[in-house]
Amino acid sequence: MWIGLKTAAIMSRATPSETTGADRLPGPSPLGPGPLGPRILLAFSRSRDGASAVEFAIVALPFLALVGATLEAGITYFAQEILQQAVTDAGRQIYTGQFQANNAGVTNSTTLLNNFRTAMCSPGGKPRVTLFPCANVRISITKAASFDTAAPVQATAINPNTGVSDWNAGFASYTCARASDVIVVQAAVDMPVFFPLLGAAKATLPNGRRVLQAAAVFQVEPFTSTNACPSSS
């Protein structure tokens, strides 16, 4: 008798997993009544597992494109400002006649443009921090009859044979600035397009790069330019 009571007590404490299939009472399926296939599809349609991943996949491309466009615009504006500041700083040497006086014995235009590029890229002998190779900057220094007629030289031109925009072969030029001359100083350099999505930056060269330009127009201060600028310059 005592053994039977103990066995009954143990059975009463047993969990459903410890009982046999015959001891379990039948109940409704968590998937609902009906055939198994439709019930699985219904449960799948109601499930929210992985919804965040699917929603992110839908919005990821436009979101990343917007972030890329923002970064592209910031990089471009920063590089443009660096190039403009370099033209302004080096152009001040022409404005005061310092550059002409320092290069009084130089007549080769390529050498003069290289010296001006050095003044742009290494002010005071210290390399300027840039987002582009400063050695690749193309320079044009031209003279205008007046401020009204001052016009920039196009850095790029359409190739008549291919119809593609490319560097203008006649862009690089040097004119020695004499006292009271109206001078147009231009600089152009190419940069890669990092994030082409959303059209934030459009390539203007065949190699998929874009052109940044900067310019300064001023009238040279009076200075003794007889020796600085030979008559042939």
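Each label was represented as a point 7 Å from its Cα along the Cα-to-Cβ direction; for I58 and N168 these points are 5.0 nm apart.
If you sort the three axes of the alpha carbon gyration tensor as a ≥ b ≥ c, you get a/c of 1.5 or more for the stretch 80-233 and a/b above b/c, which makes it prolate.
Between beta-carbons, use under 15 Å as the cut-off and find the net charge around A214, counting Lys and Arg +1, Asp and Glu -1.
Working: positive: R92, R117, R128, R138, R210; negative: E81, D89, D190.
Cβ neighbours under 15 Å give a net charge of +2.
Packing here is the average count of other Cβ atoms within 10 Å per residue, and on that basis the peptides 77-84, 181-188, 127-134, 92-99, highest first, run 181-188, 92-99, 77-84, 127-134. Taking a point 7 Å from the Cα of N102 along the Cα-to-Cβ direction, the residues of the stretch 112-137 with backbone N closer than 19 Å to it are 112-130, 134-137. Rounded to the nearest Hz, the phi-derived 3J(HN,Hα) couplings of the stretch 167-175 under the Karplus curve 6.51 cos²θ - 1.76 cosθ + 1.60 (θ = phi - 60°) are 4, 7, 5, x, 6, 5, 7, 9, 10, where x marks glycine and proline. What the Kirkwood sum gives for the stretch 62-131 is a hydrodynamic radius of 14.1 Å, with every pair of different alpha carbons counted.
Extension gain, A73-D89: 0.36 nm per intervening residue step, less the Cα-Cα distance, totals 3.3 nm. Karplus-derived 3J(HN,Hα) values for the stretch 177-184, using 6.51 cos²θ - 1.76 cosθ + 1.60 with θ = phi - 60°, are 8, 8, 4, 6, 6, 8, 10, 10 Hz; glycine and proline are entered as x.
Rule-based calculations on the coordinates, nothing more; no lab input. These figures come from a predicted structure and were not determined experimentally. Because the Cβ atoms are built from the backbone with ideal geometry, glycine has one as well, and the counts that use them run over all protein chains shown.
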